[in-house]
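Every number in this text was worked out from the coordinates using simple rules, so none of it is lab data. Note that the structure is a prediction, hence the values are computed from the model and not measured. Every residue, glycine among them, receives a Cβ derived from its backbone with ideal geometry; neighbour counts consider all protein chains shown.
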Amino acid sequence: KAGVTQTPRYLIKTRGQQVTLSCSPISGHRSVSWYQQTPGQGLQFLFEYFSETQRNKGNFPGRFSGRQFSNSRSEMNVSTLELGDSALYLCASSISTGRDNSPLHFGNGTRLTVT
Amino acid sequence: GENVEQHPSTLSVQEGDSAVIKCTYSDSASNYFPWYKQELGKRPQLIIDIRSNVGEKKDQRIAVTLNKTAKHFSLHITETQPEDSAVYFCAASINDMRFGAGTRLTVKP
């Protein structure tokens, strides 16, 4: 079974621009969660999608948004980029929602650098 | 949302020694506690998990204990090896999964 696939692997953007990251979950997994990873901050929860609906959202500004398609693939968008948005963005899929306590399977991440 | 604290942030042990990482959580309704290992430049990978109806779980050299009353859980690695060197994350889940800040474990040969 193919793992979680994230594209692109690396992105360099300028302040003020917007960016879209993509995530394809493991086949059969219906839940997709997004995390921001920065040194010393661990994995900060952004949001979770299940069956095309956002189920939960972390404490990030509205510039961070996402969506999920009918095939469970998910995209994350960040508008009006700031230098502090530079991070590794990890996507994780699971069979069911967070309420059902399924393990997360992570992708390799997208490394975003904002200059 | 759930808040997870993890200690220590760095841990250095000699090969063959044991390593213990501790986490506390804030929401008593959390009922699932996984641990992830992230090697340099790689994705986090699940190494062991425990549910709230179990107090301890073991898998070869690793074990996890859970104290629901105190709202803390711990990862124990025995007979550490250099390949155990990585960043370890604990997490607690109720509606979504929240992670601790991570522990960088270094095992010196």
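Points to keep in mind about this one:
- Where chymotrypsin sites (Phe, Trp or Tyr not before Pro) fall in DSSP loop in region A:24-80, at most 14 other Cβ within 10 Å: A:PHE69
- Extension gain for the segment A:SER70 to A:ARG111, taken as residue separation times 0.36 nm less the Cα-Cα distance, is 12.2 nm to one decimal.
- The spacing between region A:27-74 and region B:69-109, judged by their C-alpha centroids, is 23 Å.
- Spin-label zone in region B:60-100 - amide nitrogen under 14 Å from a point set 7 Å from the Cα of B:SER28 along the C-beta vector: B:68-72
- Compactness of region A:48-98 as Cα Rg over 2.2 N^0.38 Å, two decimals: 1.21
- Antiparallel content of DSSP bridges confined to chain B, in %, to 5: 90
- 15 Å cut-off, amide nitrogen to a point 7 angstrom out along B:GLN60 Cα→Cβ, residues in region B:69-109: B:77-85
- Average 1/r across all pairs of distinct alpha carbons in chain B, invert it, and you get the Kirkwood radius: 13.8 Å.
- Cα Rg, Dmax (largest Cα-Cα span) when computed across the protein assembly as shown, Å: 17.4, 51
- Magnitude of the charge dipole, the protein assembly as shown, Cβ model with Lys/Arg +1 and Asp/Glu -1, debye to 20: 440
- Its convex hull of Cα atoms gives chain A a direction-averaged projected area, equal to a quarter of the hull surface, of 6.7 nm².
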